[in-house]
Amino acid sequence: MDLGPLKPVPNRLAGATSPYLRQHAHNPVDWHPWGEEAFARARAEDKPIFLSIGYATCHWCHVMARASFENPAIAEQLNRDFVAIKVDREERPDVDRVYMNYVQSLTGHGGWPLSAFLTPDLKPFYGGTYFPPEDRLGRPGFASLLRTLADSWRRDRPRLLQDSDRVIESLAQSRAATATASNGSDPTRAIFDSASDAFEKGFHALYQGFDRDHGGFGGAPKFPRGSNLNFLLRCAALQGLSSEAGQEAVNLCGYTLQQMAGGGIHDHVGGGFHRYSVDAEWFLPHFEKMLYDQAQIAVNAIETWQATKDERMAWLARDIFDYVLREMTGPGGGFYSAEDADSDVPGLGHAEGAFYVWTAEEISAALPPEQAALVIRHFGVRPEGNVPEERDPFKEFTGKNVLVQTASLGDTAAALGISPPVASDRLVAALERLRAVRAARPRPLRDDKVIAAWNGMMISALARGASAPSEALADQRARLRAAAVRAAEFLGQELWDESTGDLYRSWCGQRGTARGFAEDYASVIQGLLDLYEATFEVRWLQWADRLQDRMDVLFYDELNGGYFSSAAGATDIIVRIKDDYDGAEPTASSVAAMNLFRLATMLGGGDARRARALRTLEAFRTRWSEFPQALPQMLCSIELALGAPRQVVLAGAPGTAEFVALAEVLRERLGPYRAVVAADGGAGQAWLAERAPWIAEMRPVDGKATAYVCEDYRCQSPAISRDELARLLAV
């Protein structure tokens, strides 16, 4: 009896919580997850380890999997000569960080998939990123590389081990060199001496690197690096929004966001932003979507609205929130990690961007003629497709169109002989219809893993959106606040062990095994602080307070300051690293420094936390003073290092119209940072007063919600009206 082709037997990855690992569960490769079982086998069999690191929505990870890991001959080589380990970088960023640093030092570049070859005691001796299966253009293919390294392991092992030891020693020394111990001197004085020059150098580096035509910084590929805009907006707040430097900083941010919003990197149909643009024009994106990008761009948009009152910025934030709440939110309230760039094309297999691109015929068939004419003109749709041949080397977009705004809506309306309001209504209706049509296509894979750090970022963004008194968000504020609360409650239930105080990294149907890393603690604490300031529910401040204590125990470098990514005592990490680059995500130390200053100001008696924040800044001072554009997020916290603590205490019942009116004054305009706490007359105020006794006596005046504006713990006369508070804040 013919049973047909046999399905591959699932390997050890079949039971993993990671969607990425489960993608490889039916490879013929004998994969192991990262852990002692794999390490012990490598030692027992005296074999090197092949380590493959990627993530579920990684395009080139898919390519290498199909070409090599599903290839029986290559799998046979791997299984015979190596112990193969697969790691989801999103579950184990600490492992990824170590070997990415190694590969970057070895080759000068990095990326995913990350391919590293290790000794049984986890020391790398060779590595790279994507390898094609066969030799190509003078470069070794993966099969040839496996043969060469297996032979070298047998015949020339002493040299491999010597090189490995040298690289690890160099890596450890370079990481330690980020610390600039203050040798007992006053860190505030040292930071003060360096800060002004660092801010000026950082601003000029961004100013000089700014793309005047298309916004953003540098050339292709172009990423939406949120920390750059955060830094520029802090510069504007410190210099004054009316100053020449302040206006220029805001203009750089506003123009960048406008160009991104009009480009192909923005999903005009479904909302949200793709990961990066392969060109300098924001035209052709790499189509995957990451949660951390949505969160950071939303915050950039909200702060730019605060600086300009340009409602387009608030609408941009709303666009992102609509996408995340519709497509990236789980039933329990946690936010999913990412959506893939690739999706199925019937009869053709996987193709990048297939879910998002359109032919002119598809648009005409999906829409009434007047809507189709508007979309075709507004987004530059062409019958032959609008992706230039030179940007489509694999011919994936022949005849297809990436929707890119080619003119303002006013210009489009004029060209079509209709009014702007009619054009706006018609465009909204057309995009809703296109979204419904697109939903019938095969969807990209969605990584439904909930990551603590990225959820912390999204909670922060939603809390900021819920607090912004803009017209575009007016009818959404309750929804955004509720979503942020629900997500925080999900993290508390699923990713926090209250008995130990430990945070866990991820959840996917169940809690993952990896405990949280420094960035998880830092981002969740930041989210909780912003959520407290949006709701004035003291439980979020209490949890942030406790998480900060636990983060300090696990990750703080008592000798040199700053935060290691991995916890002390981790046996499967050969080098503890302190990140010194605010890239797609800000470093844990950058976020933690701001959190520490905020907690010290909000809770009073924060000398120890303030000292820890200062030592964190001092630990990286060589880096941010010599190359400030490496740590723009860290520079944002220097404002709090050098200025006196500033608080606003709102006395009254949160949620009442008077209280909300005062709180809105604090959210209307971008300015110097102030911690905001509520003297609610109840349990919240009592808890705060235990830490900051001066809050105990703050009461509403004449029964009306009252604002106390304080600097260095000295308060001005209380304000009970919006105008009075606005005047005090302007002083």
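The values are calculated or read from the model by the stated rules, or taken from the named source; none is laboratory data. Predicted, not measured: the structure shown is a model, and the values here were computed from it. Positions of Cβ are backbone-derived with ideal geometry, glycine not excepted, and every protein chain shown enters the neighbour counts. Note: areas computed on protein heavy atoms with side chains; ligands, DNA, RNA excluded. Shrake-Rupley method; radii C 1.70, N 1.55, O 1.52, S 1.80 Å.
I need every pair where a residue in the range 138-163 that is farther than 18 Å from A42 by Cα and small (G, A, S) has its Cβ under 8 Å from the Cβ of a residue that is open to solvent by less than 60 Å² (accessible area, probe 1.4 Å) and not in a helix (DSSP H, G or I), sequence separation at least 6 or different chains.
Going by the 8 Å Cβ cut-off, the qualifying pairs are G141/F131; G141/P132; G141/P133; A143/P133.
For the range 505-552, what are the residues that are of a type in the set (S, T, Y) and either in a loop (DSSP other than H, G, I, E, B) or open to solvent by 10 Å² or more (accessible area, probe 1.4 Å) (or both)?
T513, T535
Is it the case that D88 is among the acidic types (D, E), touching a helix residue (DSSP H, G or I) at 6+ places or on another chain (Cβ under 6 Å) and either open to solvent by 40 Å² or more (accessible area, probe 1.4 Å) or farther than 16 Å from D572 by Cβ (or both)?
no
Say we look at the range 562-577 and pick out the residues that are modelled with pLDDT under 95 and in contact with a Ser or Thr (Cβ under 6 Å, 6 or more places away or on another chain); which of these is least open to solvent (accessible area, probe 1.4 Å)?
It comes out as I577.
Exactly one of (1) touching a His at 6+ places or on another chain (Cβ under 7 Å); (2) of a type outside the set (S, T, N, Q); (3) closer than 25 Å to L427 by Cα is unmet by H268. Its number?
(1)
Within the range 300-335, track down each residue that is open to solvent by 30 Å² or more (accessible area, probe 1.4 Å) and of a type in the set (F, W, Y).
Within the range 300-335, just W315 meets the criteria.
Condition first: assigned to a loop (DSSP other than H, G, I, E, B), touching a residue at least 12 places away in the same chain (Cβ under 8 Å) and either farther than 18 Å from L603 by Cα or touching a Cys at 6+ places or on another chain (Cβ under 7 Å) (or both). Now tell me which residues in the range 692-720 satisfy that. Don't jump to the end; show me each part of the working.
The first filter runs over the range 692-720 and keeps only residues assigned to a loop (DSSP other than H, G, I, E, B), leaving 692, 696-700, 702-703, 705, 712-713, 716-718, 720.
Retained after the next criterion (residues that are touching a residue at least 12 places away in the same chain (Cβ under 8 Å)): 692, 698-700, 702, 705, 712-713, 716, 718, 720.
Those that are assigned to a loop (DSSP other than H, G, I, E, B), touching a residue at least 12 places away in the same chain (Cβ under 8 Å) and either farther than 18 Å from L603 by Cα or touching a Cys at 6+ places or on another chain (Cβ under 7 Å) (or both): P700, D702, A705, Q716, P718, I720.
Suppose we filter the range 215-246 for residues that are in a loop (DSSP other than H, G, I, E, B), touching a strand residue (DSSP E or B) at 6+ places or on another chain (Cβ under 8 Å) and either buried (at least 17 other Cβ atoms within 10 Å of the Cβ) or of a type in the set (D, E) (or both); how many remain?
4
Quick check, is A592 in contact with a strand residue (DSSP E or B) (Cβ under 8 Å, 6 or more places away or on another chain) and more than 26 Å from Y276 (Cβ to Cβ)?
Spelling it out, A592 is indeed in contact with a strand residue (DSSP E or B) (Cβ under 8 Å, 6 or more places away or on another chain) and more than 26 Å from Y276 (Cβ to Cβ).
Filter the range 91-113 down to the residues that are open to solvent by less than 10 Å² (accessible area, probe 1.4 Å) and in contact with a Gly (Cβ under 7 Å, 6 or more places away or on another chain) and list them by number.
Correct list: Y99, Y102, V103, P113.
Among the residues in the range 259-280, are any part of a helix (DSSP H, G or I) and open to solvent by 20 Å² or more (accessible area, probe 1.4 Å)?
The answer is yes, given that some residue of the range 259-280 is part of a helix (DSSP H, G or I) and open to solvent by 20 Å² or more (accessible area, probe 1.4 Å).
Picking from A423, A415, A440, which residue would you name as being within 23 Å of Y323 (Cα to Cα) and open to solvent by less than 60 Å² (accessible area, probe 1.4 Å)?
Values: A415 fails: within 23 Å of Y323 (Cα to Cα); A440 fails: open to solvent by less than 60 Å² (accessible area, probe 1.4 Å).
The match here is A423.
Can you tell me which of E384, E396 is of a type in the set (D, E, K, R), more than 30 Å from P93 (Cα to Cα) and more than 29 Å from the chain's Cα centre (by Cα)? Give the derivation first.
On the way: E396 fails: more than 29 Å from the chain's Cα centre (by Cα).
So the residue among E384, E396 that is of a type in the set (D, E, K, R), more than 30 Å from P93 (Cα to Cα) and more than 29 Å from the chain's Cα centre (by Cα) is E384.
Could we say that S470 is open to solvent by less than 10 Å² (accessible area, probe 1.4 Å) and under 19 Å from the mean Cα position of the chain (by Cα) here?
No; evaluated as a whole, the condition is false for this residue.
Restricting to the range 203-214, and then to whatever is in a helix (DSSP H, G or I) and either touching a Phe, Trp or Tyr at 6+ places or on another chain (Cβ under 6 Å) or hydrophobic (A, V, I, L, M, F, W, C) (or both), can you tell me which residue is surrounded by the fewest Cβ atoms within 10 Å (Cβ to Cβ)?
It comes out as G209.
Is it the case that K395 is buried (at least 19 other Cβ atoms within 10 Å of the Cβ), among the basic types (K, R) and in contact with a helix residue (DSSP H, G or I) (Cβ under 9 Å, 6 or more places away or on another chain)? Write out each step before concluding.
On the way: buried (at least 19 other Cβ atoms within 10 Å of the Cβ): no; among the basic types (K, R): yes; in contact with a helix residue (DSSP H, G or I) (Cβ under 9 Å, 6 or more places away or on another chain): yes.
Criteria not met by K395.
Just checking: which of the helices (runs of 4 or more DSSP H) contained wholly in the range 580-691 hold 1 or more residues that are among the basic types (K, R) and open to solvent by less than 20 Å² (accessible area, probe 1.4 Å)?
Output list reads 588-603.
When only residues in the range 37-65 that are modelled with pLDDT of 95 or more and open to solvent by 30 Å² or more (accessible area, probe 1.4 Å) count, which is farthest from L161 (Cα to Cα)?
E37
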